[in-house]
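In what follows, a structure is listed as C-alpha cells, so that the remarks can point back to it.
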Amino acid sequence: MGYRHSQRRHQGRIILQEFAWSMRGRCWHFGHDIPHMGGVVPMRIVSEMRTDPKDIVEHLFEGVIPDFHKLCRPGDLVVTGRNFGMGAKMQGYIAMKALGLGLVCESMSFLAYREAIGIGLPVLTGCKEISSACQQGDELSVDFQTGVFSNITQKREYQFEPVPLALQDVLSSGGTTAWLNQWWQQKKANLQNA
C-alpha cells in the first residue's frame, strides 16, 4: 500500500513506500455530497493554497472526525457516496495520499477525479451503491488495477471499473508531476543515446 518514488508523513515520521495496486484496511464511511472545502478539509487550508502534506494532514476531515489523521492507518479506505469532493481542489487528496489512504466513491466530478489522480491518490469512482456495501470500521480490500472490492467483514465481493489503463502509469508513478519527471528523464536519456 503505497506510492512509487514518494514519501509520506504519518504521525511526524517520513515513510518511503513503493506503489501497490491493492490496499487493505478499515472503512472510513462518509455520506453523499461531501464538499472539498469545509468537508474534506477546512476552507482556510484551500484559500491559503497549502500544498505541503505536513500543513494539511492534521486537518483532513477534522470537521467530521476530530483527529482523523491520528485514528486512520496506512491502507485504510475512505468510502463515500455521490458527489464526493465537490470542487476542484487538491489539498484533501494530498493529505489522503500522505496518510497512505485509498478512496472509493459512488461518484465525484471529473475535476475532482483529475485532481486525485494527478496527486497520485488511488481512487475508484463510479462504484454504484458502494456506500451501502460497507459500514464504518469494516475490514476492506480493494485492487485499483482490477476493480475488485471486498468487504472482508461482511464476506462480500464486488466488481467495479478499475482505474482506466490510460491513467495507470500516472497513478503508479505517484501523480502527474512524477510521471512527467519520469517521462522527461527517459526523453533526455533517449536523446543522449541517439
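A few notes on this one:
- One residue stands out in the range 118-150 among those that are in a strand (DSSP E or B) and in contact (Cβ under 8 Å) with a residue 40 or more places away in the chain: the one that is most open to solvent (accessible area, probe 1.4 Å), namely Glu139.
- Meets criteria (out of contact with any Ser or Thr (no Cβ under 8 Å at 6 or more places or on another chain), open to solvent by 10 Å² or more (accessible area, probe 1.4 Å), in a loop (DSSP other than H, G, I, E, B) and within 20 Å of Ala20 (Cβ to Cβ)) for Thr153: no
- Flag for Ala112 being in contact (Cβ under 8 Å) with a residue 24 or more places away in the chain, within 23 Å of Asp33 (Cβ to Cβ), touching a helix residue (DSSP H, G or I) at 6+ places or on another chain (Cβ under 7 Å) and surrounded by 18 or more Cβ atoms within 10 Å (Cβ to Cβ): no
- Just one residue in the set Arg24, Arg50 is closer than 25 Å to Ser172 by Cα, of a type outside the set (Phe, Trp, Tyr), assigned to a loop (DSSP other than H, G, I, E, B) and open to solvent by 30 Å² or more (accessible area, probe 1.4 Å); that residue is Arg50.
- Residue within the range 59-69 that is surrounded by 23 or more Cβ atoms within 10 Å (Cβ to Cβ) and not in a loop (DSSP other than H, G, I, E, B) present: no
- Residue check, Gly102 touching a residue at least 40 places away in the same chain (Cβ under 8 Å) and closer than 19 Å to Leu180 by Cβ: no
- Residues that are touching a Phe, Trp or Tyr at 6+ places or on another chain (Cβ under 9 Å), of a type in the set (A, V, I, L, M, F, W, C) and open to solvent by 10 Å² or more (accessible area, probe 1.4 Å) within the range 89-109 comprise just one, Met108.
The values are calculated or read from the model by the stated rules, or taken from the named source; none is laboratory data. No experiment lies behind these values; they were computed from the predicted model shown. Don't worry about glycine lacking a Cβ; one is built from the backbone with ideal geometry, like all the others, and counts go over all protein chains shown. Keep in mind that these areas ignore ligands, DNA and RNA; they rest on the heavy atoms of the full protein, side chains included. Shrake-Rupley method; radii C 1.70, N 1.55, O 1.52, S 1.80 Å.
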